[in-house]
Amino acid sequence: MKILPIAAAALLACAAPLAAQDVTVAIDAQESGPQISKQIFGQFAEHLGTGIYGGVWVGPDSQIPNVRGIRTDVVAALKELKIPNVRYPGGCFADEYHWRDGVGAERRTTVNANWGGAIEPNTFGTHEFFDFIDMIDSEAFISVNVGSGTIQEAADWVAYMTADTRSSAGQDRAANGREEPWEILYLGLGNENWGCGGNMTPEHYVDLMKRHARFDRNYNPAQAAGSGKEMRRVAVGPSDDDTRYTEAVMKAWSERDWSWSIEGLSLHSYTVPEWPPSLPSVGFDEGDYALILKTTLEMDQRIALHSAIMDKYDPEKQVPLIVDEWGVWLAEDPGTPEGFLQQQNSLRDGLLAALNFNIFARHADRVGGANIAQMVNVLQAMILTDGPKMVLTPTYHVHKMYLPMQDAVHVPVEFDADEYAHGDITLPGVDAVAFRDTGGKLWLSLVNLDPSSAKEVAVDVSGLNVRRAEGEVLTGPNVNSINTYDNPATVEPRPIAGPVRAGKVTVDLPAKSVAVLALE
Ligand code: AHR
């Protein structure tokens, strides 16, 4: 048995296939890897399609139950996920967002040029965003406009959010109804400035980034230097395998002086085998299934690629990689407005989410955060809404099952992955990650990628007398099964337990499933 990171497992599995339905996992419960930051469970909410309007915000006069205009059903569901941070207001939207349009009694109406030319009423702005994240007990990841805005405009916005009422910025905020300054956990210094954010050369971006890092000051006394709650500035980093921004930003960081710094480097990487995205989100076949999972597993090598460059400039790993846009990007649902990026969400997408969390966990030494795109109604959403109706997606359920991983300690595992092959694609049959939660309990996450064969997984735990193995498993009739408003429970977690004999646990892992079990 060998320690098999998933990519290597795939290669080995080709050379020496194991007997089907016979997977072994070995865990030394005394071992400890790095902490898996809860921030990898961050989410992304952009002014895009019905992600905000309709999905989160319905306005105080709506018939849909709401508190101060924010949907109560969506808030209740999201609160369950203990989302550590919400990235807002974009995305490409942020690259053209002028925050003053969205504060005060008079809101300007603008055009959302990136996303279908929709009319943007700006009725959801800074105050409404903070109200929303307060309702779901989350924290703010604000992306400032480095594309079309000025440094002064961004600095004024951060001052508006964080200054106390001794200054005009704080007084303006108070006049609009909020006396206390807000806290900002992350400040995104731009968005995709290599693309929709202005198509800047890395050098041009680095110059701008330094000035934003210096001048976009957080004045909240609760976040002062030494408070332990200092705002983390996240620079724009790479897109997929393009290393130019990684090199330029990290080199600049390694040569920085006292006047500026960053506390994160962003990576954007979607699971999208072809551009423009054209694979359907419903009714797809096994060919699409295998292709999408193969593509998503590339996240592992991609993180390794950028980590190696970051290690060169930052061997002590002070700057975390923040994968602040990830998820599967599919064809838009037929009949939905073009540019609204509305897609269904299947069991396959739930498996894909779990595989990515496992990859982030294995790279916990460098990956300090991640934000799935996006929260409601857009791309790989947790929640879909249609007027008053709401449904929870398989991706939602995986997020909930993975709650014990928040701030857990990674425990390395050895496992034989077996294999799953379709056409010319060969993938690991099973993925496994172990971790110790903040209360000290040991957990094992298993993903069975094989759409038709259940696996008997033998788990050998040393250093802990395991008596019980219990948790939840998510599967469904088919890999393309979805939850709908009429049938919302087609893909839902159910309990799973594994018998324990002589310290060995056996888990009957259904085909196409994700299981998360506590080993006690
Ligand atoms: O999530 C949709 C879009 O994808 C974001 O606005 C942009 O940053 C990325 O290209």
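Restricting attention to region 182-204, the residues that are over 16 Å from Ile262 (Cβ atoms), in contact with a Phe, Trp or Tyr (Cβ under 7 Å, 6 or more places away or on another chain) and of a type outside the set (A, V, I, L, M) total 2.
Taking the condition of being within 16 Å of the ligand (Cβ to nearest atom) and either in a helix (DSSP H, G or I) or farther than 24 Å from Glu255 by Cβ (or both), how many residues in region 193-218 meet it?
We begin by selecting, within region 193-218, every residue within 16 Å of the ligand (Cβ to nearest atom); these are 193-200, 205.
From the residues that got through so far, the ones that are either in a helix (DSSP H, G or I) or farther than 24 Å from Glu255 by Cβ (or both) too are 195-196, 199, 205.
Total meeting the criteria: 4.
For the condition surrounded by fewer than 23 Cβ atoms within 10 Å (Cβ to Cβ), part of a strand (DSSP E or B) and at pLDDT 95 or above, what is the one hit in Thr506, Thr484, Thr438? That would be Thr506, the only listed residue that is surrounded by fewer than 23 Cβ atoms within 10 Å (Cβ to Cβ), part of a strand (DSSP E or B) and at pLDDT 95 or above.
Remark: Glu274 matches the filter, which requires a residue to be modelled with pLDDT under 95 and either out of contact with any Gly (no Cβ under 7 Å at 6 or more places or on another chain) or among the acidic types (Asp, Glu) (or both).
Look at Pro65 and say whether it is farther than 23 Å from Leu185 by Cα and more than 16 Å from the ligand (Cβ to nearest atom). Taking the combined requirement at face value, the residue satisfies it.
Every condition in (1) closer than 28 Å to Ala364 by Cβ; (2) outside any helix (DSSP H, G or I); (3) away from the ligand (no atom under 16 Å from the Cβ); (4) among the small types (Gly, Ala, Ser) is met by Ala252 except one, and the failing one is (2).
Restricting to region 255-268, name every residue that is of a type in the set (Ser, Thr, Tyr) and assigned to a loop (DSSP other than H, G, I, E, B).
The initial filter retains those residues of region 255-268 that are of a type in the set (Ser, Thr, Tyr), namely 259, 261, 266.
Residues satisfying the conditions are Ser259, Ser261.
Of the residues screened, Arg214 is one that is closer than 23 Å to His98 by Cβ, touching a Ser or Thr at 6+ places or on another chain (Cβ under 6 Å) and of a type in the set (D, E, K, R).
Search region 377-411 for residues being farther than 29 Å from Lys441 by Cα and either free of Cβ contacts under 8 Å to residues at least 12 places away in the same chain or buried (at least 24 other Cβ atoms within 10 Å of the Cβ) (or both), and hand back the single one that is farthest from the ligand (Cβ to nearest atom). If you could, list the steps in order and put the result at the bottom.
Residues of region 377-411 farther than 29 Å from Lys441 by Cα: 377-381, 383-391.
Within this subset, residues satisfying the condition of being either free of Cβ contacts under 8 Å to residues at least 12 places away in the same chain or buried (at least 24 other Cβ atoms within 10 Å of the Cβ) (or both) are 377-381, 384.
Details: Asn377: 12, Val378: 7, Leu379: 6, Gln380: 10, Ala381: 11, Leu384: 16 Å.
It comes out as Leu384.
The values are calculated or read from the model by the stated rules, or taken from the named source; none is laboratory data. Everything quoted here is computed from the prediction, not taken from an experiment. When we count neighbours, we look across all protein chains shown, and the Cβ atoms used for this are built from the backbone with ideal geometry, even at glycine.
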